[in-house]
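Here is the structure we will look at, set down as structure tokens.
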Amino acid sequence: MSSASPDLSPRTPSSVLIVGAGPVGLTLAVELTRFGIPVRIIDKAVGRTDKSKAIVLWSRTLELLDRQPGGAAAFVAAGFKVDTVGFVAHGQPIAHASVSSAQTPFAFALMLPQSETERLLEERLEALGVTVERQVEVVALALRDDGVDATLRHADGRQETAPADWLAGCDGAHSIVRHTVGAQFTGTTLDSDWVLADIHMTGYPVPDTQVTIAWHEDGVFVVFPMSPGRYRIIADTPPSGAAHPPTPTLDDIQALIDRRGPAGMRAFDPVWLAGFRINGRKVSRYRWGRAFLCGDAAHVHSPAGGQGMNTGMQDAFNLAWKLALVSRRVAADGLLDSFSVERSAVGDQVLAAAERLTTIGTTKNPFLRLVRNTVAHVAFGIPGIEHAFAQTMTELSIGYPESPLTSGSAAGLDGPRPGQRLLADRPFGTGELPRFALLAAATEPALRLLQSYPALLEADLREPPDRAGAWLVRPDGYVAAVARSHDMAAIEACLAQVALSAGADPAA
Ligand SMILES: Cc1cc2nc3c(=O)[nH]c(=O)nc-3n(C[C@H](O)[C@H](O)[C@H](O)COP(=O)(O)OP(=O)(O)OC[C@H]3O[C@@H](n4cnc5c(N)ncnc54)[C@H](O)[C@@H]3O)c2cc1C
């Protein structure tokens, strides 16, 4: 990264009000703050959640956290690594899949209670000088063409009108931001009840680095090791018909273990017991003028695959660099439309995959169960399928090939295609301003691009995966455009599209 930093913001960067300090709002606040964007982050709750809720950080989320000051190390140190899933049917192991072949420095699922993820994010935010304002609730919103006015209610009943240039609705499944913009939350609620138990347990018959998914004629039964001796159990139960799914007792959980789980496990000292129902819902767009929806405010789904919080945090990573460039008047407003297109497509994929996994796991049809068990047994023995499973679970396969930002072709070149993530020794987007990186040999067209777009591009070229080609990589590590080293029209067109005024950037 260059030390010569052009003066990018003759005017103050525009401000962002973040509603909600869950994992998604905190991630967005850290990202925007490290990019120098003034944020205000509020939450109506008294304090952070003390519940474990989402217990997995996947590899791609860790890679993106690794771009922040302090990196992913603090999360990894606080968590517990799991790298294998074992499938069991009728008490017998039938298949085994590992994520350790995933191409990433973080080839594991990091088990970390959501309360800890939030604590680490909030500490990181504090270290950057921003404090979450607690017991402050958004009770009304007015959207303007050039900003928003939020009515905030404080703990003492005082009301305040807070103007901001941009608003991020990270306010969870019952989002007031979503209601205010009028976005439909389309989808369904499954009629089965589910139980969740964070417990201590003896007798887990496989190493603690392995998740167990047991398929039983009554339904699915999943054991996630959270730390030595502590486990999360999830299982579906018959519909109770009650208005709220009943909270199980420890005895209920032991009965489920005895009937559906591997033999010999004894649960004790419950940390958290809860009943829940599965909703699969999503909005169709994530941008509403000056307001954005991220995380559970935009999509909720089955916990199968543990993708909910990770997907939300990745919404925040995607929005942050775009909002920072627009706020600093380096990029044109249209860049923000790509947030909605890209993340809505990912939300659709995650929703569909979670629904599929849930249906497969809970089918009561004996014939379908037989097919499922046979397919799993055969498929996970094939290395290509196991690798694809690993890339999907770890969210490393997420990409933006259909994005309006994505252009060019890598045909005939040895390197990632437009829209794919590019793994580099030095992470992208670590600077004070999120810049694109140009990976190219020092040819005349490459050097000319560096001169034309000094605010959008890192000052120095990086080594390309193949010297016959050039890769334009976004601050979040995805390939925006690929071109031949002697003709960079596709890359130039992409930069011109992103820049505030076509063909130039303000620092040029
Ligand atoms: C029982 C349970 C188990 C789960 N298990 C998993 C799992 O295994 N894996 C997984 O990935 N996910 C899981 N999830 C989902 C995961 O917890 C969510 O995806 C995650 O919390 C979403 O984060 P968020 O920041 O979008 O929203 P939230 O965590 O809901 O945070 C929203 C915040 O906004 C605040 N807020 C709301 N309205 C206002 C307002 N008007 N003004 C100010 N503040 C407001 C709230 O107080 C809250 O702090 C689980 C959830 C539950 C409940």
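The values are calculated or read from the model by the stated rules, or taken from the named source; none is laboratory data. Quick caveat: nothing in here was measured; it's all calculated off a predicted structure. Reconstructed Cβ throughout: ideal geometry from the backbone, glycine too, with neighbour counts over all protein chains shown.
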Would you call Val177 touching a strand residue (DSSP E or B) at 6+ places or on another chain (Cβ under 6 Å), assigned to a helix (DSSP H, G or I), within 13 Å of the ligand (Cβ to nearest atom) and closer than 28 Å to Gly289 by Cα? yes
Residue that is outside the structural domain of Arg474 (by TED's automatic domain parsing), within 22 Å of the chain's Cα centre (by Cα), crowded, with 18+ Cβ neighbours inside 10 Å and away from the ligand (no atom under 16 Å from the Cβ), where the choices are Leu351, Leu325, Leu293: Leu325
Inspect region 136-148 for any residue being closer than 25 Å to Glu395 by Cα, surrounded by fewer than 19 Cβ atoms within 10 Å (Cβ to Cβ) and among the aliphatic types (A, V, I, L, M) and give the result as yes or no. no
Mind checking whether some residue in region 267-288 is free of Cβ contacts under 8 Å to residues at least 60 places away in the same chain, more than 16 Å from the ligand (Cβ to nearest atom) and either surrounded by 24 or more Cβ atoms within 10 Å (Cβ to Cβ) or within 15 Å of the chain's Cα centre (by Cα) (or both)? no
Output the number of residues of region 49-100 satisfying the condition of being basic (Lys, Arg) and either closer than 16 Å to Ala376 by Cα or within 16 Å of the ligand (Cβ to nearest atom) (or both). 3
Quick one: Thr202 ticks every box in (1) assigned by TED's automatic domain parsing to the domain that holds Met226; (2) closer than 18 Å to Ile55 by Cβ bar one, so which box is it? (2)
I'm checking my understanding of the structure. Among residues of region 303-315 that are surrounded by fewer than 24 Cβ atoms within 10 Å (Cβ to Cβ) and more than 7 Å from the ligand (Cβ to nearest atom), which one is farthest from Val82 (Cα to Cα)? Ala304
Only one residue in Asp236, Asp191 is at pLDDT below 95, charged (D, E, K, R) and not in a strand (DSSP E or B). Which one? Asp191
Which one is surrounded by the fewest Cβ atoms within 10 Å (Cβ to Cβ), of the residues in region 19-38 that are outside any helix (DSSP H, G or I), more than 14 Å from the ligand (Cβ to nearest atom) and at negative phi? Pro38
In region 194-210, is there at least one residue being more than 27 Å from Ser98 (Cβ to Cβ), in contact (Cβ under 8 Å) with a residue 60 or more places away in the chain and either part of a strand (DSSP E or B) or not charged (D, E, K, R) (or both)? yes
Selection from region 91-120 of residues that are surrounded by fewer than 16 Cβ atoms within 10 Å (Cβ to Cβ), assigned to a strand (DSSP E or B) and touching a strand residue (DSSP E or B) at 6+ places or on another chain (Cβ under 8 Å): Pro93
Of the residues Ala493, Ala502, Ala480, Ala442, which single one is surrounded by fewer than 18 Cβ atoms within 10 Å (Cβ to Cβ), at pLDDT 95 or above, of a type in the set (A, V, I, L, M, F, W, C) and under 19 Å from Ser338 (Cα atoms)? Ala493
Residues in region 121-135 that are of a type in the set (A, V, I, L, M), surrounded by fewer than 20 Cβ atoms within 10 Å (Cβ to Cβ) and within 14 Å of the ligand (Cβ to nearest atom) total 0
When restricted to Leu423, Leu447, the only residue at negative phi, part of a helix (DSSP H, G or I), surrounded by fewer than 17 Cβ atoms within 10 Å (Cβ to Cβ) and not assigned by TED's automatic domain parsing to the domain that holds Val30 is Leu447
Could you tell me which numbered condition Thr151 fails, if it satisfies all but one of (1) at pLDDT below 95; (2) within 16 Å of the ligand (Cβ to nearest atom); (3) not hydrophobic (A, V, I, L, M, F, W, C)? (1)
Tell me the residue from Asp193, Asp208, Asp236, Asp198 that is more than 15 Å from the ligand (Cβ to nearest atom) and among the charged types (D, E, K, R), please. Asp208
Residue hits (region 182-203; surrounded by fewer than 20 Cβ atoms within 10 Å (Cβ to Cβ) and over 29 Å from Thr247 (Cα atoms)) are Gly182, Gln184
